[in-house]
Amino acid sequence: MLKLFSLAGLLLLLGRTPVCSQPPVQLSLKDAIGIALQQNPDIIGARRGIDAARGRFWQGVSLPPPTLSLGYDYIPTGSSISRYNERAIGISQSFDFPSTIFLRGSSLSSEIDATESDARSLQLSVTMQVKLAYFAVLAKQRKLTLAEENLRVAADFADKAGIRLNAGEGTNLELLTAKVERTRAQNDVEVARNHLEVATSELDLVLGRGIEHGGEEYVLTDTLSHRPHTFAIESLIDHAQQSSPQLQSAQFRLNAASTRRTIAWSSILPSFTVSYARQAQGGNPDLYGVSFGLSLPIWFLLDQRGQIQEAAAEYARTESELTARRLGVSLGVKVAYLQCTNDERQTALYATDLLPQAEEVFRIASRGYLAGENSYIQLLHAQQMLISVRSASIDALYNYNASLSRLEYAVGRELVE
């Protein structure tokens, strides 16, 4: 009986043992981009779109199905089909004018190129989204660390305020103020932790990970850094005009529209039909027949005219879209460049000026408070200013890295290795 109780206690103890959580996942920015380009649903959909465009190419250059016919003629009235006097087994094939088939294939090939360019543009967009989400997690982690550090300082001052009050050196107002600051610091930690969880979930989303990865902790191996640039806006715009996947896609679609316009003019050309038949007539089963036919586009004033008008209008519309995209790409590069330049200036300002000054003010206020030269209110003001400047410096660093990522997307390539 004692052994049974011992066994039951052991099982109960094991049942209450907490399950070991999964170890944190080491994740670099390069790895995150690689995962997204493999698992992101939009990227997968873009690949399927390329497959569909290739399928449309083979459909477009394929000949229509041949027609197989079997005919029995000159059957006496009231007789069965076996009493035929003439039988023909034939096959016929129709096809467009050869140049029309070639042009249709050229148009569909341009559509494939445009779809591939759209996929490259989407890859650049997903890469930018991964960078933004990755940098956001890094920033939220630093914000959480800052909030936890502030909580430790606030708790330490609250303890010291209590000691000073008991020693007759402080006031009750000072103690109450310190307790309020400690409580606010505790709340700031919870808010920062919640913001980090949201940012991590957004990173999971852009990586294409489902709910089975929810709650997975990341250890990001890259850091938020200040990477100064010396780019010339003119060279960036020129590069974007030459290599932007958006412009390439629009150019390929313009090429396809131009080819379709030529196909519309080719609609006045005839199409052909070739037929071959094995025939049996009377007692001779070894006869054959061959026929050739062509279409007569005599309604060119209606059908062909409508095709030409539609194709010309489609070409003009696609040409306007290309012009608009060129202007949009140039504007996008310019806006992203100006924003990146401004965010870099802000980052440098906090790193070299504001942050060192705020830290020095806090050190002076701390020494004065411990020496009894400053009041707690003065120390609290210096502490809040330091926290605010540190938080703003993290925001500035994130904004710079984010704007640099947007500039890379606008240009269409990596700018900083």
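Observations on the structure shown:
- Qualifying residue in the stretch 290-302 (condition: surrounded by 16 or more Cβ atoms within 10 Å (Cβ to Cβ) and farther than 29 Å from Leu247 by Cα): no
- In the stretch 63-81, residue farthest from the chain's Cα centre (by Cα) [restricted to those that are at negative phi and surrounded by 11 or more Cβ atoms within 10 Å (Cβ to Cβ)]: Ile75
- Test: residue in the stretch 184-199 that is under 30 Å from Leu370 (Cβ atoms), part of a loop (DSSP other than H, G, I, E, B) and free of Cβ contacts under 8 Å to residues at least 12 places away in the same chain: no
- Within the option set Thr77, Thr127, being outside any helix (DSSP H, G or I) and out of contact with any Gly (no Cβ under 9 Å at 6 or more places or on another chain) holds for one residue only, Thr77.
- Unmet requirement for Gly168, which otherwise passes all of (1) assigned to a helix (DSSP H, G or I); (2) modelled with pLDDT under 90; (3) surrounded by fewer than 20 Cβ atoms within 10 Å (Cβ to Cβ): (1)
- Total residues in the stretch 96-145, condition modelled with pLDDT under 90 and of a type in the set (D, E, K, R): 2
- Counting the residues of the stretch 62-112 that are free of Cβ contacts under 8 Å to residues at least 40 places away in the same chain, in contact with a strand residue (DSSP E or B) (Cβ under 7 Å, 6 or more places away or on another chain) and among the basic types (Lys, Arg) gives 0.
- Counted residues, the stretch 267-284 - those being touching a residue at least 24 places away in the same chain (Cβ under 8 Å) and out of contact with any Phe, Trp or Tyr (no Cβ under 9 Å at 6 or more places or on another chain): 1
- Hits in the stretch 345-378 - residues which are closer than 24 Å to Leu144 by Cα and over 47 Å from the mean Cα position of the chain (by Cα): Ser366
- Residue check for Asp42: under 30 Å from Arg209 (Cα atoms) and modelled with pLDDT of 90 or more: no
- Between Glu148, Glu174, the distinction of being in a helix (DSSP H, G or I), of a type outside the set (A, V, I, L, M), in contact with a helix residue (DSSP H, G or I) (Cβ under 8 Å, 6 or more places away or on another chain) and at pLDDT below 85 belongs to Glu174 only.
- Exactly one residue out of Glu314, Glu408, Glu359 is part of a helix (DSSP H, G or I), modelled with pLDDT of 90 or more, closer than 30 Å to Leu269 by Cα and not hydroxyl-bearing (Ser, Thr, Tyr), and it is Glu314.
- Some residue of the stretch 82-103 being over 30 Å from Val411 (Cβ atoms), surrounded by fewer than 14 Cβ atoms within 10 Å (Cβ to Cβ) and among the small types (Gly, Ala, Ser): yes
- Test: residue in the stretch 280-300 that is closer than 20 Å to Leu63 by Cα and part of a helix (DSSP H, G or I): no
- Of residues in the stretch 38-74 being in contact with an Asp or Glu (Cβ under 8 Å, 6 or more places away or on another chain) and part of a helix (DSSP H, G or I), the one farthest from Gly105 (Cα to Cα): Ala46
The values are calculated or read from the model by the stated rules, or taken from the named source; none is laboratory data. Because the structure is predicted, anything quoted here is derived from the model rather than measured. Positions of Cβ are generated from backbone atoms using ideal geometry, with glycine treated the same way; all protein chains shown enter the neighbour counts.
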